[in-house]
Each structure stands twice: as structure tokens, then as C-alpha cells.
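Since every read-out is calculated from the coordinates, none of them should be taken as a lab result. Note that the structure is predicted; figures quoted are calculated from it, not measured. No Cβ is skipped: glycine too gets one built from the backbone with ideal geometry, and neighbour counts run over all protein chains shown.
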Amino acid sequence: MNKPILKMNNIVKEFPGVKALDGVNLELYEGRVMALMGENGAGKSTLMKILSGVYKKDGGQIFYKGIETDIKGPKDAGEKGIAIIHQELNLVKDLSIGENIFLGREPKKGFRIDFNKLHADSDKLLKKLNVEISSKELVENLSIAQMQMIEIAKALSLDAKIIIMDEPTDALTDKETKSLFNVINELKNEGKAIVYISHRLKEIFEICDAITVLRDGKYVGYEEVSNLDEDKMIEMMVGRKLTDQFPRVTTKMGETVLEVKNLTNEYINDISFEVKAGEILGISGLMGAGRTELAKTIYGHFKKTSGQIYKYGKLIDNKSAKDALKNRIAYVSEDRKGDGLILDLSVKENMSISSLDRVSSLFKIDKSKELERVKSYIDRMRIKTPSENQLIRNLSGGNQQKIAIAKALMTHPDVLILDEPTRGVDVGAKKEIYDLINEFKDSGKAVIMISSEMPEILGLSDRIMVLSQGVVTGEFDIKTATQESILKCAVEAKEA
């Protein structure tokens, strides 16, 4: 290999109450993809925010093209040829796609923005990513997956030498992921250096050349991907062997807890199913199949036009989330920041906000009881936070996800609906979440789990229901379910 285009030596970063990075190293090479690996809270995003100028380092050195440098801010990073695709979307929704891609760098014609060039250049980038949308479309009309592709287009528009991709496939379909990997291979051929952060180990083996591993803010090591298998990679990340990634718990199923009959609205059509006590019903399907819309209709976020929902045989009508919680149905959203959490509140406030009635009497909150319950879930779920008073926006995405699930569990629901419960969560934390789901199931409650990860659906579900274009196209007992049969049902209505 040639000399690295970038070296970060002994990087240190401290926040109040926590040392986020403690002597971290990273080397990047032209034409190679470096996977940055580690559990949630390991320091990956913090390191990348230093590289992209969002944070200033408290110690250590950065060498860029062999010269020691200081990255003064995001603009300085961009001018140096460093671009980042953030895990959290950073788009202005009431502007067009093209305006977002070139925001702050709009091509000019005299003193005015040259919109013809702006949209023509944007359309070329979208075509490169196989995104079949006009760059004149407003961002507010896009899905989360489409917004993620726009973030990628923004980074490509900078013609950067170093491109940081933080969980870029988190909301993408298999087809969109394949398009992204084709682009990454093109970028490698062009001599770009790429940092790739992902919890999907299969992607690391498919697209990356080497890995750098962090653990608890410290540098663990570097290794060529060709020298690793999945078990070795996991052991480097979590510091221990991780057995039985999908721990199935066999329980005796009880009575029907939730029954849905002929549920219909603008998103779903004539859907019927039931979930029993001690059962996990997995819901599978492609992006846009109506899985989230079904969950939100049951939860009362979307209005049903016809159909009935029964809980323990009693007809219920959830017109809002408040109704659903009253009927002891909890929902954990796929979009934890948009629907699930309040970023400017603390860990404690987020966790207990939906269950304050359980720690209150005579209109007064029992603070000690609230704190006791919150600390119990922080310990059980191994949530990495300096304290329960830490603002939730300062935590890693995986720890935020754990808090979103804890918030739902603290309402003591009879039915728990989990929409992509381990999105953006590392393998160690996934196991902890799976154990909690199984514990909930083992207590005789009902679970509905929506997931795009086939190993997760097959590994945890007792029964799997497949949706396509808002209708049920298949149902399988776990003993007969296969990846091929599920995928066949997932595309069935689309091909019809």
C-alpha cells in the first residue's frame, strides 16, 4: 500500500462526565474502504465528527496528505475534500432535492442562482445512484430511504477525496443498497478513500478492505477483512465471544391477545390476523409494503376506514396513541428521532414520559419511584450514559434505540409492536434487545415485530406474515418458513 492519505493519531475527545475518545488511531488509503467498527457508544461517530469538523479534538494529531493539519469546521473539511454522509438525515424538507444537494454551493449565473445547471447536475448524480426521481421534487414528499440517497448524492457532489458513510444503508432496500455498492466500487476506482460505518457484518465482508475497531472510546486494532470471519470480527468489537445471536425462546402460547379483522384504509387493504399470548408475530415485506402503516393504524396514528380490532375478545377503537396506551398497546417507531424520542429532554424524561401515571399519585410524580424504575432499565438494557440526566441527543443511536424500547416497556403493555427494533444497533446490543423481547414474550405478552433483516425475522418469530402493496400475501409457521418463500410472497403483488 502507498502512504495513507489521512492519519489520525492518539485522538482524544472529552464531554462533561465522559471521555468519548481516548487515544484513537485511524489510517485511510486512496482506493480502499475502511470499515470503522465497534458497539454503540464506542466512539465511531464522535471520531468522524472530528474528521468532518463538527467537533474539535482535545488531543492527538491529524495528518492529511502527509502534512499535520487542524480541521476548523465543516466548511474547512469540505474545502479540504472531506465529505460525510450522516447517519441522521440533515435535509431541508421544504426545498427541492437539487436545492438540498447544492445548498450553500449553488451554481451562479451572474448574481442569481443558475437553477437549470443546479437541477441538471443534480439529475446526473441521481442517475448515478439509480434514483428515478426528478431533482425538482420537494424533499418533504420523499421516503426515508429516498432521503438517505439524497444525503449520499450531496456527498458525491463535493467530489471529495475522503468520503465518510455513517450507516448509509440503514433505510435502503436491497436494490438501493446494491446501487450504492456499485457507486462505492466506482469511487474506489477513482482513488477515493472511504470510511464505512455499519452494523451489518455481511456488508463489511462485501464492500470493505480493512477494519479499524474501537471499544469504549479506545483503539482496539486494525485488520484486513480477508483475514477475518464473522466470529473474529464480533469478538474484536465486543471483547468476548457472542454465541446464539438469535436466542429463540419456546413458550406455551396462550389465548388470543390481539385480533385484527379486515382492517382497511388508504395504506392497507382487508388485513386480518391474530397474535397470542407468548407469541412473536414477525411481519416481513419490501419497502413500501405497508408494514409501518399497518402498525400505525393499530396504534391509532392512522385512521381506519373499516375493520375491527379486538383485545382479549373486546372491541377497541384506538383513535390516538393515548387510546392505544390506555388499551395497553405500545409501539416503538422505526424513526426513533421523528416519532419516538424528544431529543432536548433527558434520558429519564424520555423513558418515563409515557408511564408517569404509574409513578404518580394525587397529581404528583413520585420522583424517587420514577428514578428507581429508570435506573432499573438503564442497568437491564446496558444503556451507556453518564447519568439519567444526560440529554438524549448526546447519546449514540443504538443507546437511543434502547431507550425508545425501554420507554415502551415501562408502560407495561400487553401488546408490544416493534418497528425495525435493531436498526442502527450493534451486534452486542442486538443480543440484549432480543433477550428483552424474549423476556416480554415469556411473561405471556404478545409481540408484533416488523423487520427488514431476514435473519432477525427467521431467528426470533414464531410465525411470519408477509405484506406486499398493503395486502397479506403469505403466512408461515416458523418451522416451514424459508427466506426464499418469504421473498416470493414479498414480490408477489408487485409482479401481478
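Matching the structure-derived P(r) over Cα pairs in 10 Å bins from 0, in percent against the labelled list [x] 4, 14, 18, 19, 18, 13, 8, 4, 1, 0; [y] 4, 18, 25, 21, 15, 10, 5, 2, 0; [z] 4, 18, 28, 27, 17, 6, 1, 0 gives the label [z].
Take 255-262, 346-353, 135-142 and order them by the average number of nearby Cβ atoms within 10 Å per residue, most first; the result is 346-353, 255-262, 135-142.
Quick one: if the Förster radius is 51 Å, what FRET efficiency do Arg105 and Ile478 give, using the C-beta to C-beta distance and rounding to 0.05? Could you put the intermediate results ahead of the total?
Values: r = 51 Å, r/R0 = 1.01.
Given R0 = 51 Å and the Cβ-Cβ separation, E is 0.50.
To the nearest ten degrees, helix 397-409 and the longest principal axis of the Cα atoms of the chain are 10 degrees apart. Evaluated with a Cβ-only charge set (Lys, Arg +1; Asp, Glu -1), region 6-238 carries a dipole of roughly 880 debye about its Cα centre, given to the nearest 20.
Would you work out the charge dipole size for the chain about its Cα centre, treating the Cβ of every Lys and Arg as +1 and the Cβ of every Asp and Glu as -1, and quote it to the nearest 20 debye? Please list the in-between numbers first.
On the way: 74 positive and 76 negative charges, 226 e Å.
Value, rounded to 20: 1080 debye.
The spacing between region 126-183 and region 10-76, judged by their C-alpha centroids, is 24 Å. Counting only lysines at least 8 places from Lys367 when in the same chain, those with an alpha carbon closer than 16 Å to its own are Lys348, Lys375.
Here the gap between Lys314 and Asp174, fully extended at 0.36 nm per residue and compared with their Cα-Cα distance, gives a gain of 46.4 nm. Helix 427-442 axis versus longest C-alpha principal axis of the chain: approximately 10°, rounded to the nearest ten.
Pairs from the table (Lys93/Lys296; Lys117/Lys161; Lys44/Lys384; Lys108/Lys161) lying more than 18 angstrom apart at Cα are Lys93/Lys296; Lys117/Lys161; Lys108/Lys161. Summarising the amide proton neighbourhood of Ile417: residues at separation of 5 or more, or on other chains, whose placed amide H is nearer than 5 Å comprise Ala330, Tyr331, Val332, Ile448. For the chain, the residue among Gly41, Gly470, Ile85 whose Cα projects farthest onto the positive side of the dipole built from Cβ charges is Gly41.
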